[in-house]
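The values are calculated or read from the model by the stated rules, or taken from the named source; none is laboratory data. Bear in mind the structure is a predicted one, so any value in this text is a computation, not a measurement. Cβ placement follows ideal geometry from the backbone for every residue including glycine, while neighbour counts extend to all protein chains displayed.
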Ligand SMILES: Nc1nc2c(ncn2[C@@H]2O[C@H](COP(=O)(O)OP(=O)(O)OP(=O)(O)O)[C@@H](O)[C@H]2O)c(=O)[nH]1
Ligand SMILES: [Mg+2]
């Protein structure tokens, strides 16, 4: 397909063109990569910005249910909502997409919503680039909100947080005073903690859990990108669609403040730089995997083991031989 035509159709909010463009950025073929790069460059100046919301949570916490409820809440207000996923486990399980199709049934039928399951890629770096590019395509296609979901396992939260304007952490009600082993690093990334399943028998537990997290958040170092009172913790019920209005109001308050105080742009700028550095690193690493470099590294590694050369001197040899201009 002609890239100029694809660009025009995306700008006209053509969903099929968007789906096609995402398939293009997901492709590993060199000619597709080149076309994808042209397309993204052609769309760069479109000047459209969505609110990018990252959402993370452990399996079963209710991410899909929340996205369905929250997505419908937003489309009911006339917003266009796109849903993307970074799922490092999708290559393995494959099952979650099937589950999501049934769980997000209402949202997937909503003409103001666009749901794109995670590409089945094993390499997180590859998924990150593709998702980031898909986000850019959704923005160009005029979506108001882009939700980026990830299962909270390891590094994928960082990836999602680095491409989001807001980062939400979904948590389950927990018994006692255990903080569900949520890692400090993840807590530090969260703008809003949502304790889900605050309904029925779980409601009081959810409220206690929420208070615990609020306490934990207060112990964290204050971040410059937050107004007074943020990050916050609150309860929601994705199933009963409770607390969504309040959660959205908090997101808007935070976003408005950040926009007014230069943090919105600042975050986007530093994220763009972060991804630039990541791409450079990935590119250099990829060069180290090529035939010649690989052979040289193997040979030097043997010499290092035999103490014929020091590790640093050997590394210098490899780095000096790298021709980073070819990529
Ligand atoms: N009571 C209650 N149950 C909920 C709520 N939200 C989700 N659930 C239930 O929790 C289970 C898991 O929900 P999902 O939305 O599939 O959770 P998920 O986080 O997407 O799970 P994975 O995709 O496996 O990571 C389902 O049985 C939901 O019905 C809620 O607000 N209240
Ligand atoms: Mg799910």
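Structure notes:
- Residue among 280, 284, 318, 304 that is modelled with pLDDT under 95, in a helix (DSSP H, G or I) and more than 32 Å from the chain's Cα centre (by Cα): 318
- Candidates 254, 244, 239: the one that is within 16 Å of ligand 2 (Cβ to nearest atom) and in contact (Cβ under 8 Å) with a residue 60 or more places away in the chain is 239.
- Residues that are in contact with a strand residue (DSSP E or B) (Cβ under 8 Å, 6 or more places away or on another chain) and within 26 Å of residue 265 (Cα to Cα), drawn from region 210-229: 217
- Looking across region 25-50, the residues that are surrounded by fewer than 20 Cβ atoms within 10 Å (Cβ to Cβ) and not in a loop (DSSP other than H, G, I, E, B) come down to 30, 31, 32, 33, 34, 35, 37, 38, 40, 41, 42, 44.
- When region 73-97 is filtered for residues that are more than 13 Å from ligand 1 (Cβ to nearest atom) and modelled with pLDDT of 60 or more, the ones remaining, listed by number, are 73, 74, 75, 76, 77, 78, 79, 80, 81, 82, 84.
- Here the condition is being touching a helix residue (DSSP H, G or I) at 6+ places or on another chain (Cβ under 6 Å), crowded, with 17+ Cβ neighbours inside 10 Å, assigned by TED's automatic domain parsing to the domain that holds residue 137 and at pLDDT 85 or above; of 100, 110, it holds for 110 alone.
- Any hit, region 197-216, residues being under 21 Å from residue 164 (Cα atoms) and surrounded by 13 or more Cβ atoms within 10 Å (Cβ to Cβ): no
- Residue in region 218-235 that is under 17 Å from residue 60 (Cα atoms) and at pLDDT 95 or above present: yes
- The set of residues in region 58-72 that are near ligand 1 (Cβ under 6 Å from one of its atoms) and either under 13 Å from residue 240 (Cα atoms) or at pLDDT 95 or above (or both) comprises 62, 65.
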